[in-house]
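Asker: Pasting a structure here, questions to come.
The values are calculated or read from the model by the stated rules, or taken from the named source; none is laboratory data. Just so you know, these numbers come straight off a predicted model, no measurement behind them. With ideal geometry, Cβ positions are generated from the backbone for all residues, glycine too; neighbour counts draw on all protein chains shown.
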Amino acid sequence: MRDSLIGGQGNFDGYSDLIRFWDRKRAELKELKGISLKNEKGKTIGLQFTLAGKRVARSLGEPFTEDGMVKAVVKARKVYEFLQRCDSVTEFESWYRDEILGENVVKDDRLTYRQIFDRIETEYWQGVDKNTKKPRQLSNGQTLKNHVVSYHETYGRFLNYFEDWDKYPSWEELERVLFSWQQGTKSFKDAYSVIKKIVFYFPKSFKADCLNKLDCINPRQTIFREKTRITEKEFLDWHNQAYEIALNHSQKSHGNARLGWLWVASMAFVYGLRPTEIAAAQNLVNPYQTKSGEVIKAISDPSNKDLILVLGELTYFGIKIKTGGRICKPLTLDREIIEQLRIQDVRLPIYTPRPNSNEKSVVNGFTNNFRKSMISMGCPTTQCYAFRHAGNAQGEKSGIPQEIRARSMGHSKEVNDRIYRDESNEDIALEILMNHSRQPLTHKEALFELEANGIDVNDPMVSAVLKIIYRM
């Protein structure tokens, strides 16, 4: 086959043919007064025209090729037509950038619900736990069941109310989902936060419009679940009765199970802990050695008078505790209470999640079993946080500084003051106020009172007594 048969009329044999094509395309613009194309060194195509009485040159953003020449002619005609009706240089420059150069080509920056939800989930897993400040995604790529449940509680349960995830968002649907919950409830407040999070991913103008509408809706929680509290007397009276019943139960296995959950309730009361946290204790029956080599005695050790409790990050069944591992101390200084509740007679229940249980069942299993046991034993409260509040009240009554109570309970002074002050409960407030003055003086106060009463604080016998009392 001869080479001359390859190709067709549209093929150029060389640069000279390209120039001839260029001359023909330029000639098409002769009737457009003041408009002409310019060869920019054989690389790109420029446009020359008159703007506001001055001759100017602009790039057309097209290469010096056949296709570029065709497009350049089309653009030149557009410029000519726009100049006939434009009376502002600013208006022209803006139009030229948008229409000719395509610098501000309008892009569809909308995201579907699915795209937004995927971004929210990715952001969640790339973030840190709000309590422990540790990454939610473990170094080995795995995730803790707690965080799976937390994602569902924080976002998933609300996102599931959107019916078609492949649609583009609309205010009407956002409003429908939000008002699926009663305004004033905690769920409504949480849903409001999620809706606002979704709106963050909207295009600028739509986002502003939706935020303005959200600002007109009050998300504040005004409806609260009735909270029960338990005083020291109520707890001790109930515990004594429940302990005797469990101890003498006709079925020993059932009785032992009750004794185990009673021990958990006692630990929660004395240390102000969540029930699940007790399952993360590291020194119940064996001593614990710190990184510095200091040994913390086992709770079950009869010689242990301080009863310092070490909590790990995880329970023995692999669930992360809410506020992280820490060291705790009893929030009561009353040794009789500690002995009465048999704290050192360790009876931690064994919780084994059922095979194939979902994450939520595993995470909440220990606490749910605790609650069921409290109900079956007729406890005055079945709300787990009531024991935590009772522990804090014990600490306040004992004169333990708020900073120490907060640290032991795993939160800040601000949280302790805002959430755990039970001034609204008359019985607890009265119990604290009536008994606080009877608590021992601080060491400094004791020295002052002794000297004021003419006692020599440097006397060896006095010093020995003070050392025993204040564990110096």
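Asker: Which number in (1) out of contact with any helix residue (DSSP H, G or I) (no Cβ under 9 Å at 6 or more places or on another chain); (2) part of a helix (DSSP H, G or I); (3) in contact (Cβ under 8 Å) with a residue 24 or more places away in the chain marks the one condition that residue 336 misses?
Answerer: If we test residue 336 against (1) out of contact with any helix residue (DSSP H, G or I) (no Cβ under 9 Å at 6 or more places or on another chain); (2) part of a helix (DSSP H, G or I); (3) in contact (Cβ under 8 Å) with a residue 24 or more places away in the chain, just (3) comes out false.
Asker: So, one more: Just give me the residues in the stretch 442-464 being closer than 24 Å to residue 400 by Cα, polar (S, T, N, Q) and at pLDDT 85 or above, in sequence order.
Answerer: 463
Asker: Out of the stretch 401-429, which residues are in contact with a Ser or Thr (Cβ under 8 Å, 6 or more places away or on another chain), closer than 26 Å to residue 470 by Cα and modelled with pLDDT under 85?
Answerer: None - no residue of the stretch 401-429 is in contact with a Ser or Thr (Cβ under 8 Å, 6 or more places away or on another chain), closer than 26 Å to residue 470 by Cα and modelled with pLDDT under 85, so the list stays empty.
Asker: Among the listed residues 88, 59, identify the single one that is of a type in the set (S, T, N, Q) and over 15 Å from residue 40 (Cβ atoms).
Answerer: 88
Asker: Scan (1) under 25 Å from residue 411 (Cβ atoms); (2) surrounded by 14 or more Cβ atoms within 10 Å (Cβ to Cβ) for the single condition residue 226 breaks and write down its number.
Answerer: All conditions are met except number (2).
Asker: Still on this structure: In the stretch 129-169, how many residues are hydrophobic (A, V, I, L, M, F, W, C), part of a loop (DSSP other than H, G, I, E, B) and closer than 19 Å to residue 196 by Cα?
Answerer: Count: 2.
Asker: Scan the stretch 290-302 residue by residue and report those that are within 15 Å of residue 325 (Cβ to Cβ) and either among the polar types (S, T, N, Q) or in contact with an Asp or Glu (Cβ under 9 Å, 6 or more places away or on another chain) (or both).
Answerer: Passing the criteria: 290, 296.
Asker: What do you reckon, is residue 112 loosely packed, with under 13 Cβ neighbours inside 10 Å, within 24 Å of residue 206 (Cα to Cα) and either in contact with a strand residue (DSSP E or B) (Cβ under 8 Å, 6 or more places away or on another chain) or modelled with pLDDT of 85 or more (or both)?
Answerer: The answer is no for residue 112.
Asker: Residue 191 fails exactly one of the following numbered conditions: (1) surrounded by fewer than 14 Cβ atoms within 10 Å (Cβ to Cβ); (2) more than 30 Å from residue 281 (Cβ to Cβ); (3) of a type outside the set (S, T, N, Q). What is the number of that condition?
Answerer: Looking at each condition in turn, residue 191 falls short on (1).
Asker: Ok, one more. How many residues does the stretch 288-312 hold that are surrounded by 14 or more Cβ atoms within 10 Å (Cβ to Cβ), in contact with a strand residue (DSSP E or B) (Cβ under 7 Å, 6 or more places away or on another chain) and either without any contact (Cβ under 8 Å) to a residue 12 or more places away in the chain or in a loop (DSSP other than H, G, I, E, B) (or both)?
Answerer: 2
Asker: With 319, 245 as the choices, which residue is more than 22 Å from residue 389 (Cα to Cα), under 24 Å from the mean Cα position of the chain (by Cα) and of a type in the set (A, V, I, L, M)?
Answerer: Going through 319, 245 in turn, just one is more than 22 Å from residue 389 (Cα to Cα), under 24 Å from the mean Cα position of the chain (by Cα) and of a type in the set (A, V, I, L, M): 319.
Asker: Here's a follow-up. If residue 153 satisfies all but one of (1) loosely packed, with under 15 Cβ neighbours inside 10 Å; (2) over 30 Å from residue 314 (Cα atoms); (3) among the acidic types (Asp, Glu), what's the number of the condition it fails?
Answerer: Result: residue 153 passes all but (2).
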